[in-house]
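Just so you know, all these numbers are worked out from the coordinates, no wet-lab data involved. Not measured: the values here are computed from a predicted model. Positions of Cβ are backbone-derived with ideal geometry, glycine not excepted, and every protein chain shown enters the neighbour counts.
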Amino acid sequence: MNKETKLRIHNITAKAALKFESEAWILKNREERPLEAAQMKLLRHLLGITKLDKEKNQCIRQKMGAQNIVKEINQYQEKWLQHVQRMDTNRIPKQALQYQSKDEET
């Protein structure tokens, strides 16, 4: 299987699973590291590279033409926020975004 096909399979399956419902996540360093590790494990497997080969993550991403999963999630969240902001005020996601508890109102 060539590199492009492997990357398409990765994008359709693994990356979709890693990004599932990520529009509402608040990512901290302790959550970012396992996501990046999972992505790198998948990319290494697709290229047939082991950790013993001591290839840098950036080099592996460059070989596969993949972007850092955390950056992709951040871009996806920004895109989702813009989408919700364009919604009518009667839509539930817009109401949830604008929600203020009674404690915050006073």
Report summary line: Per the C-alpha gyration tensor (a ≥ b ≥ c, the square roots of its eigenvalues), the range 1-71 is rounded if a/c is under 1.5, else prolate if a/b beats b/c, else oblate; here it's oblate
Query raised in the report: Going by how many other beta carbons lie within 10 Å of each one, how would you line up 52, 18, fewest first?
Result: 52, 18
Report task. Using only alpha carbon pairs under 8 Å that are at least six residues apart, calculate the relative contact order of the chain and give it in whole percent. Result -> 29
Report task. With r as the distance between the Cβ atoms of residue 30 and residue 62 and R0 = 30 Å, compute the FRET efficiency 1/(1 + (r/R0)^6) and round to 0.05. Result -> 0.70
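Which of the peptides 7-14, 23-30 is most tightly packed, and how do the rest follow, going by the mean number of other Cβ atoms within 10 Å of each residue?
7-14, 23-30
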Query raised in the report: Using alpha carbons only, how many degrees (0 to 90, rounded to 10) separate the axis of helix 29-47 from the longest principal axis of the chain?
Result: 40
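Any chance you could count the Lys pairs in the range 40-84 whose alpha carbons are under 15 Å apart, treating pairs 8 or more apart or on different chains as valid? If you can, show how the numbers build up before the last one.
Details: 41/51; 41/54; 41/56; 41/63; 54/63; 71/79.
So the count works out to 6.
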Query raised in the report: Which is farthest toward the positive dipole end of the chain among 13, 76, 59, measuring Cα position about the Cα centre, with Cβ charges +1 (Lys, Arg) and -1 (Asp, Glu)?
Result: 59
Requested in this report: With +1 on each Lys and Arg Cβ and -1 on each Asp and Glu Cβ, and nothing else charged, work out how big the dipole of the chain is about its Cα centre, in Debye to the nearest 20.
Outcome: 680
